[in-house]
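One structure is given below, encoded as structure tokens.
The values are calculated or read from the model by the stated rules, or taken from the named source; none is laboratory data. In this text, all values refer to a predicted model and were calculated from it rather than measured experimentally. As a convention, Cβ positions derive from the backbone with ideal geometry for all residues, glycine included, and neighbour counts pool all protein chains shown. What goes into the accessible areas is simple: the full protein's heavy atoms, side chains included, and nothing from ligands, DNA or RNA. Shrake-Rupley method; radii C 1.70, N 1.55, O 1.52, S 1.80 Å.
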Amino acid sequence: MKIWLDGGLKDIESARVSVFDHGLTVGDGIFETVKAVDGRPFALTRHLDRLTRSARGLGLPDPDLDEVRRACAAVLEANPMPLGRLRLTYTGGHGPLGSDRGEHGPTLVVALGGTTRRPDSTAVITVPWTRNERGALTGLKTTSYAENVVALARAREQGASEALFGNTVGQLCEGTGSNVFVVLDGELHTPPLASGCLAGITRALVVEWAGAKETDLPLDVLERAEEVFLTSTLRDVQAVHRVDERELPGAPGPVTAKAMRIFDERAGADLDP
Ligand code: PLP
């Protein structure tokens, strides 16, 4: 396996970052997960836009997008696989211990892992912890993901594959690594970005292609929604067949099935929509 580090390809065994890299010591970093189909990245331009937005939000220098594109192409070429997940990590770099920014410029790592197509439907739980819709990191894809790790572990313990958060004012927000959509009276809704959710790229495509409305939704909408589904780079559109104790028999329901179909058709036709 070859990864990109310090401006070039390296064998994974010899690639080294400092133990004082602030991405490691204080979570001062950002990332993107990009799907790659037959060695070609999906929606790369949107991912690079979000990488830049996240960098600016964190006060990191803008990433050199030409280098990032070259890195993605080189890593994909060096590690052929039918369905892959590129992982772009960009940190504040290394420096003295403490919470200041690293002193030696940012670190860029581009790695690739394999992945498989997810099942058509899954179970989710809700967790009692809240997303802060007004935090300094809200909406940024930072490497400070420990809260998501804890919530996902709770979901796994309960036989689910995702945990959904509400925000501090009791509205539905998002999952640990996905956005959420619900069907109410036959209409498709998803929480607005002001709920504190990440501006998911799959979410944006589904809003655009399937005509979903961005609506403030109370968390208990999950007790009455006719259908629920998740979106993310690795799930695409995935129906939900259980939320906590509530079963949603027949998932994917008609609205979800239509969104899945539209997404598969459009995403398959254009790798950089
Ligand atoms: N919300 C969070 C917290 C995420 O980490 C992710 C993706 O990893 C998403 C939503 C979905 O975003 P995307 O569709 O861009 O993968």
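Please verify whether Thr142 is under 22 Å from Ala36 (Cα atoms), open to solvent by less than 60 Å² (accessible area, probe 1.4 Å) and within 15 Å of the ligand (Cβ to nearest atom), treating the condition exactly as stated. In short, yes. Please find, among Gly135, Gly186, the residue that is more than 15 Å from the ligand (Cβ to nearest atom), loosely packed, with under 15 Cβ neighbours inside 10 Å and touching a residue at least 60 places away in the same chain (Cβ under 8 Å). That would be Gly186, the only listed residue that is more than 15 Å from the ligand (Cβ to nearest atom), loosely packed, with under 15 Cβ neighbours inside 10 Å and touching a residue at least 60 places away in the same chain (Cβ under 8 Å). Here are Arg131, Arg154: which of them is of a type outside the set (Ser, Thr, Tyr) and touching a Cys at 6+ places or on another chain (Cβ under 8 Å)? Result of the check over Arg131, Arg154: Arg131. The criterion of at least 2 residues that are away from the ligand (no atom under 16 Å from the Cβ), surrounded by fewer than 15 Cβ atoms within 10 Å (Cβ to Cβ) and more than 17 Å from the chain's Cα centre (by Cα) is met, among strands (runs of 3 or more DSSP E) falling completely within segment 1-103, by 8-11. Sub-8 Å Cβ pairs linking a first residue in segment 33-56 that is within 14 Å of Gly113 (Cα to Cα) and assigned by the TED database to the domain that holds Leu205 to a second residue that is of a type outside the set (D, E, K, R) and near the ligand (Cβ under 10 Å from one of its atoms), at least 6 apart or interchain, number zero. The single condition from (1) under 24 Å from Asp49 (Cα atoms); (2) open to solvent by 30 Å² or more (accessible area, probe 1.4 Å) that Ala153 fails is (1).
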